[in-house]
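The values are calculated or read from the model by the stated rules, or taken from the named source; none is laboratory data. What you are looking at is a predicted structure, and each value in this text was computed from that prediction instead of being measured. Every residue, glycine as well, gets a Cβ built from its backbone with ideal geometry; the counts of neighbours run over all protein chains shown. SASA here: full protein model, heavy atoms, side chains in, ligands and nucleic acids out. Shrake-Rupley method; radii C 1.70, N 1.55, O 1.52, S 1.80 Å.
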Amino acid sequence: MRQQGDTIAAISTPAGEGAIGIVRISGPEAFAVANNVFQRTVSGNKSHKKKLIDRKLYYGCVVNSKGEKVDDGFIVRMSGPRSYTGEDSVEIFCHGGLLVTTRVLESVLNVVEGRVRLAAPGEFTERAFINGKLDLTQAEAVIDVIKASTDGALRSARARLDGTLSDEIDSIKARLVDLRVNIEVSLDFPEDELVDSPQELSSLQTEVADGLKKSIEGIQKLLATYDEGRVLKDGIRVLILGRPNVGKSSLL
């Protein structure tokens, strides 16, 4: 059964052949799991007894549950909340072949039955969202950064991942909250100095109207970027139609 407190692991690099593959582990037992599958190389000798320091790369080898060497590589640990998921995390860097990364992952999953399970698709980012490392718009931008196929799409996704959209939404939200507070004060405490005279009441009404106008304009501005954002993300489907040999291919 999938639970938030589980320790999870998965291959974080694309399937196929490459120079480097990465297996990520995240959760309360990430460090214990890593200590069982990774043996550091210290002065030519294998040892996993030495404590790993955060954010420092160590060379060694991955071993399976039988103690057999699976692959050489590096390991880095990141204590929560200073990690992508906000939890204790470990990343193992091995060779990037399909079989070798699979064997490294199997070694992690089989270290002790029940201690670590395979991560569901997108679960690392989900945990980053749950743990407050990313808000919803930033979490959604992660896949757009990965799938960006043009410079424009990448810039747009990067801006959202950096929090630009979140900042604009938060600004509108803060303005509306302030307006709500002023309105509630004027209704609940009519004797308060805020609306002690007709002039002050008129001033409050003007302030509320201006604030609502600016909020509506801000929302409309954000909505106006939707079509452009969809084009940057998905592209445009164009049909070039015409009789044979009239220059369609040349135009394309």
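Here are the numbers:
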{"item": "Hits in the stretch 138-183 - residues which are of a type in the set (Asp, Glu), assigned to a helix (DSSP H, G or I) and in contact with a helix residue (DSSP H, G or I) (Cβ under 9 Å, 6 or more places away or on another chain)", "result": "GLU140, ASP144, GLU168, ASP178"}
{"item": "In the stretch 179-188, residue farthest from LEU223 (Cα to Cα) [restricted to those that are surrounded by fewer than 13 Cβ atoms within 10 Å (Cβ to Cβ) and of a type outside the set (Lys, Arg)]", "result": "ASP188"}
{"item": "LYS66 being open to solvent by 100 Å² or more (accessible area, probe 1.4 Å) and either modelled with pLDDT of 80 or more or in contact with an Asp or Glu (Cβ under 7 Å, 6 or more places away or on another chain) (or both)", "result": "yes"}
{"item": "Count of residues meeting criterion [in a loop (DSSP other than H, G, I, E, B) and open to solvent by less than 30 Å² (accessible area, probe 1.4 Å)] in the stretch 88-110", "result": "2"}
{"item": "Those residues of the stretch 126-135 which are open to solvent by 30 Å² or more (accessible area, probe 1.4 Å) and either within 16 Å of PRO28 (Cβ to Cβ) or touching a residue at least 40 places away in the same chain (Cβ under 8 Å) (or both), in sequence order", "result": "ILE130, ASN131, GLY132, LYS133"}
{"item": "Scope the stretch 230-252; condition at pLDDT below 90, open to solvent by less than 90 Å² (accessible area, probe 1.4 Å) and among the β-branched types (Val, Ile, Thr); matching residues", "result": "VAL231"}
{"item": "Of residues in the stretch 208-229 being part of a helix (DSSP H, G or I) and among the hydroxyl-bearing types (Ser, Thr, Tyr), the one surrounded by the most Cβ atoms within 10 Å (Cβ to Cβ)", "result": "SER215"}
{"item": "Evaluation of LEU118 against (1) out of contact with any helix residue (DSSP H, G or I) (no Cβ under 7 Å at 6 or more places or on another chain); (2) touching a residue at least 40 places away in the same chain (Cβ under 8 Å); (3) of a type in the set (A, V, I, L, M) (one fails), failing number", "result": "(1)"}
{"item": "Any chance VAL90 is modelled with pLDDT of 95 or more and not aromatic (Phe, Trp, Tyr)", "result": "yes"}
{"item": "Residue within the stretch 140-153 that is closer than 27 Å to GLU217 by Cα, open to solvent by 90 Å² or more (accessible area, probe 1.4 Å) and at pLDDT below 90 present", "result": "yes"}
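Every residue, every condition in (1) modelled with pLDDT under 90; (2) farther than 15 Å from ILE92 by Cα; (3) assigned to a loop (DSSP other than H, G, I, E, B), yes or no:
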| site | (1), (2), (3) |
| --- | --- |
| ARG2 | yes, yes, yes |
| THR13 | no, no, yes |
| GLY16 | yes, yes, yes |
| ILE22 | no, no, no |
| ILE25 | no, no, no |
| PRO28 | no, yes, yes |
| PHE31 | no, no, no |
| THR41 | yes, no, no |
| ILE53 | yes, no, yes |
